[in-house]
Each structure stands twice: as structure tokens, then as C-alpha cells.
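Contents: one structure, followed by commentary.
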Amino acid sequence: MPTLNFKTRILLFVVIFEILAYSSIVLFSNVYYSSALSNVKEQEIIQTFESSANKIDHTITLMEQSAYNLAQHGLSLS
């Protein structure tokens, strides 16, 4: 193997250091942000479910009120 001069060794060290630094940043980002993204998606799903449940409850309440009003009008007509 040929011997490397001082400048080549420094350049090689810098390149290897940059590759390791960038790959560690990417790895950290993937690990950290994937769990954070999972939490955000889970919260969005829960909020969507709660919103849908509230809309259904509201619609049921309106239907009950309409049935009561219909029964009252029916009684008043007889």
C-alpha cells in the first residue's frame, strides 16, 4: 500500500469524519422524528374520532328533539 502524505491523510480524515457526522445526523433524525411523527398521527386520529363521535351525538340529539316535537304536534292535532 502506498504511503500517504500529510495533506492526503488530513483530507481522508475530513472526508471520513463528514460521512460519519452526516450519517449520525440522519440516523438520529430518523429515530427521533419517526417516533414524534407517530405521536402526532396518533393524536390526529384520536381528535378525528372524538370529532366524529361528537357530531354523531349532536345529530342524535337533534333527531330526538325532532321526534319529541313531532309527537307534541301530533298530540295537539288530535
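The values are calculated or read from the model by the stated rules, or taken from the named source; none is laboratory data. Fair warning: this is a prediction, and the values are worked out from it, not measured in the lab. Here the Cβ positions follow ideal geometry from the backbone for every residue, glycine too, while neighbour counts run over all protein chains shown. The area values use the complete protein model at the heavy-atom level, side chains included, leaving out ligands, DNA and RNA. Shrake-Rupley method; radii C 1.70, N 1.55, O 1.52, S 1.80 Å.
Among the residues of the range 8-42, write down those that are at pLDDT below 90 and small (Gly, Ala, Ser).
Ser29, Ser34, Ser35, Ala36, Ser38
Which of the residues that make up the range 57-78 are part of a helix (DSSP H, G or I) and open to solvent by 100 Å² or more (accessible area, probe 1.4 Å)?
Within the range 57-78, His58, Met63, Glu64, Tyr68, Leu70, His73, Leu75, Leu77 meet the criteria.
Does Asn54 satisfy the condition of being modelled with pLDDT of 90 or more, of a type outside the set (A, V, I, L, M), on the phi < 0 side of the Ramachandran plot and surrounded by 10 or more Cβ atoms within 10 Å (Cβ to Cβ)?
In short, yes.
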